[in-house]
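What follows is a short report on a single structure.
The values are calculated or read from the model by the stated rules, or taken from the named source; none is laboratory data. Values in this document were obtained by computation on a predicted structure and should not be read as measured data. With ideal geometry, Cβ positions are generated from the backbone for all residues, glycine too; neighbour counts draw on all protein chains shown.
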Amino acid sequence: MKMSKSSRRYRAAAISDIGALGCCEQVLMSRVRLLMLCLFAVLTIAMILGFYLANDTIDSNIQVYVADLTRDKLYHKPGKPTAAQIRRLVSQVNQGRLLYSHLRRILVERLPGSKGSERVRKHILSQLSSLSAGWSLDVDSFTSPTPHGQTRFSNILAVLDPDIPRRLLLACHYDSKALPAAPGGPRKVFLGASDSAIPCAMILELVTALDVHLRMMKDQRSQVTLQLVFFDGEEAFEEWTPTDSLYGSRHLAELMSQTPHPPGSPHTTLLQAVDLLVLLDLIGAPDPVFVNHFDSTARWFDRLVLAEKKLHNLGLLSSHPVEQSYFRKDAHPAPVEDDHTPFLQRGVPVLHMIATPFPSFWHTLEDTEQKMNAATVENLTKILVVFLAEYLRL
Ligand SMILES: [Zn+2]
């Protein structure tokens with residue numbers, strides 16, 4: 001009995017224990033359910049938050065990317081080539097090639113739409129095609145009314161890698177001016193050596209001298225690439241007016257402002273992809289002076305000042321007795337309209353490398369090769385080699 005009692009008690013106890021355990025189990029189960037619910041809720045919130053954050057990240061990426069085009073150019077840091085690297089880079093500049101191979105074939109009359117213009121265009125395109133860097137070439141042709149009737153213009157465009165987000169633009173104009181003949185006098189053939197055959201030849205020499213470095217830069221797919229523009233129709237046919245001048249640059253600035261970049265971008269255009277437009281004009285005469293025209297690009301003008309000083313001190317400039325003779329911070333600019341104007345009006349940063357005051361033979365038949373100074377042209381090309389090597393981190 002005892003046994004049974006005890007066994008019953010035990011059993012009772014056991015049963016009641018089991019009953020008690022069942023109760024706890026129910027509480028536990030509901031706690032587990034609660035926990036599971038909480039976990040589920042937390043997971044759901046995490047997932048919603050995750051989606052939200054992911055979308056937000058994509059949005060921020062787009063915003064950051066859009067800002068990159070406009071902001072990165074402001075914070076772009078130039079490279080710092082060593083003296084040995086500078087020596088090596090500028091030793092690639094070949095004065096003979098610049099003056100005889102590039103320049104001679106540009107120094108012909110090259111009125112927009114003429115045979116001479118077409119020959120010069122072919123020369124520029126064939127020189128660029130011969131380089132190993134692999135330039136993407138394009139001719140932006142259009143027709144516009146002028147005081148001399150409907151005229152065909154053709155800007156020459158060359159870009160190292162069209163897919164790269166940002167571009168440094170290096171430009172000049174290749175058309176020559178139609179000088180009016182004196183009444184009853186012969187037609188005047190204006191060659192425009194400094195205006196702007198020499199700047200075009202300098203650009204060809206720059207990319208020829210830096211060909212291997214530009215190819216290596218292209219392979220590295222950096223954030224900035226180089227674009228060349230040879231504008232047509234910079235000169236007025238008659239008097240300079242807003243409609244009779246800058247035919248090519250007005251057309252290209254408008255075209256670039258309507259071209260999405262990167263392709264398909266709803267936010268940004270090719271114009272916003274331009275870090276800086278470096279425009280060369282009226283170069284070739286001895287003792288030119290270049291001044292800074294825009295506060296917003298003063299730090300890039302300063303690079304030219306320092307490049308001249310550096311090359312002088314390394315003994316790499318010829319017929320250059322004074323440390324600072326070309327790029328002067330002490331001289332003040334007069335406003336100059338040129339191919340940069342349509343870009344400047346649309347907010348593109350500009351570095352205008354134009355001799356001021358203009359050469360004495362400006363827009364006269366005297367603007368010929370005989371008036372040019374080979375040492376000056378070579379020195380300025382070397383200064384631009386340093387500028388490009390720094391900007392593009394070659
Ligand atoms: Zn001119």
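Filter the stretch 191-239 for residues that are among the polar types (S, T, N, Q), crowded, with 21+ Cβ neighbours inside 10 Å and outside any strand (DSSP E or B); which is nearest to the ligand (Cβ to nearest atom)?
Looking at residues that are among the polar types (S, T, N, Q), crowded, with 21+ Cβ neighbours inside 10 Å and outside any strand (DSSP E or B), I get Ser196.
Could you tell me whether Lys309 is on the phi < 0 side of the Ramachandran plot and at pLDDT 95 or above?
yes
Please tell me if Val336 is touching a residue at least 12 places away in the same chain (Cβ under 8 Å) and more than 16 Å from the ligand (Cβ to nearest atom).
In short, no.
Being within 16 Å of the chain's Cα centre (by Cα) and free of Cβ contacts under 8 Å to residues at least 24 places away in the same chain narrows it down to one residue among Leu169, Leu137; which is it?
Leu137
Quick one: count up the residues across the stretch 315-352 that are aliphatic (A, V, I, L, M) and modelled with pLDDT under 90. Quick ask: steps written out before the conclusion?
From the stretch 315-352, those aliphatic (A, V, I, L, M) are 316-317, 322, 331, 334, 336, 344, 348, 350-351; that's our starting set.
Filter once more, so that each one left must be modelled with pLDDT under 90: 331, 334.
Of the residues in the stretch 315-352, 2 are aliphatic (A, V, I, L, M) and modelled with pLDDT under 90.
With the requirement that a residue be among the β-branched types (Val, Ile, Thr) and at pLDDT below 95, what does the stretch 63-113 give you?
Val64, Val66, Thr70 - these are the residues of the stretch 63-113 that are among the β-branched types (Val, Ile, Thr) and at pLDDT below 95.
For Lys310, all conditions in the list (1) within 23 Å of Ser91 (Cα to Cα); (2) outside any helix (DSSP H, G or I); (3) of a type in the set (D, E, K, R) hold save one; what is the number of the exception?
All conditions are met except number (2).
Out of (1) farther than 29 Å from Ser176 by Cβ; (2) of a type outside the set (Val, Ile, Thr); (3) free of Cβ contacts under 8 Å to residues at least 60 places away in the same chain, the odd one out for Arg328 is which?
So Arg328 meets the others, but not (1).
Residue by residue through the stretch 121-135, note down the ones that are more than 13 Å from Val207 (Cβ to Cβ) and surrounded by 13 or more Cβ atoms within 10 Å (Cβ to Cβ).
Within the stretch 121-135, the subset more than 13 Å from Val207 (Cβ to Cβ) is 121-123, 126.
Once the filter is applied, which keeps residues that are more than 13 Å from Val207 (Cβ to Cβ) and surrounded by 13 or more Cβ atoms within 10 Å (Cβ to Cβ), the stretch 121-135 yields Arg121, His123.
Before we move on, is Asp175 charged (D, E, K, R) and under 13 Å from the mean Cα position of the chain (by Cα)?
No, not satisfied.
For residues that are away from the ligand (no atom under 16 Å from the Cβ) and touching a helix residue (DSSP H, G or I) at 6+ places or on another chain (Cβ under 9 Å), tally how many sit in the stretch 164-190.
6
Could you check, for the stretch 352-372, whether at least one of its residues is farther than 21 Å from Leu226 by Cβ, away from the ligand (no atom under 16 Å from the Cβ) and assigned to a loop (DSSP other than H, G, I, E, B)? Steps first, please.
We begin by selecting, within the stretch 352-372, every residue farther than 21 Å from Leu226 by Cβ; these are 355-372.
From the residues that got through so far, the ones that are away from the ligand (no atom under 16 Å from the Cβ) too are 369-370.
From the residues that got through so far, the ones that are assigned to a loop (DSSP other than H, G, I, E, B) too are none.
Checked the stretch 352-372: no residue is farther than 21 Å from Leu226 by Cβ, away from the ligand (no atom under 16 Å from the Cβ) and assigned to a loop (DSSP other than H, G, I, E, B).
I'd like to know if the stretch 193-215 contains one or more residues that are farther than 30 Å from Pro162 by Cβ and either among the hydroxyl-bearing types (Ser, Thr, Tyr) or over 24 Å from the mean Cα position of the chain (by Cα) (or both).
Scanning the stretch 193-215 turns up at least one residue that is farther than 30 Å from Pro162 by Cβ and either among the hydroxyl-bearing types (Ser, Thr, Tyr) or over 24 Å from the mean Cα position of the chain (by Cα) (or both).
Got a sec? Which of Leu131, Leu170 is hydrophobic (A, V, I, L, M, F, W, C) and touching a strand residue (DSSP E or B) at 6+ places or on another chain (Cβ under 7 Å)? Give the steps one after another, and end with the answer.
Working: Leu131 fails: touching a strand residue (DSSP E or B) at 6+ places or on another chain (Cβ under 7 Å).
Every option except Leu170 fails the conditions.
Would it be correct to say that Ile164 is at pLDDT below 95, under 22 Å from Leu277 (Cβ atoms), under 20 Å from the mean Cα position of the chain (by Cα) and crowded, with 18+ Cβ neighbours inside 10 Å? Before you say what the answer is, go through the steps one by one.
Details: at pLDDT below 95: yes; under 22 Å from Leu277 (Cβ atoms): yes; under 20 Å from the mean Cα position of the chain (by Cα): yes; crowded, with 18+ Cβ neighbours inside 10 Å: yes.
When the stated conditions are applied, Ile164 passes them.
Please enumerate the residues belonging to the stretch 240-259 that are within 16 Å of the ligand (Cβ to nearest atom) and under 17 Å from the mean Cα position of the chain (by Cα).
Ser249
Give me the strands (runs of 3 or more DSSP E) completely within the stretch 130-188, filtered to those with at least 2 residues that are under 10 Å from Pro112 (Cβ atoms), ordered by residue number.
Hits in the stretch 130-188: 136-146, 149-159.
What are the pairs with Cβ atoms under 7 angstrom where one residue, in the stretch 269-282, is of a type in the set (Asp, Glu) and the other, located anywhere, is assigned to a strand (DSSP E or B) and within 16 Å of the ligand (Cβ to nearest atom)? Sequence gap at least six, or different chains.
Asp281/Cys172; Asp281/Ile354
What's the number of the only condition in (1) at pLDDT 95 or above; (2) within 29 Å of Ser257 (Cα to Cα); (3) away from the ligand (no atom under 16 Å from the Cβ) that Ser296 fails to meet?
Every condition holds for Ser296 apart from (1).
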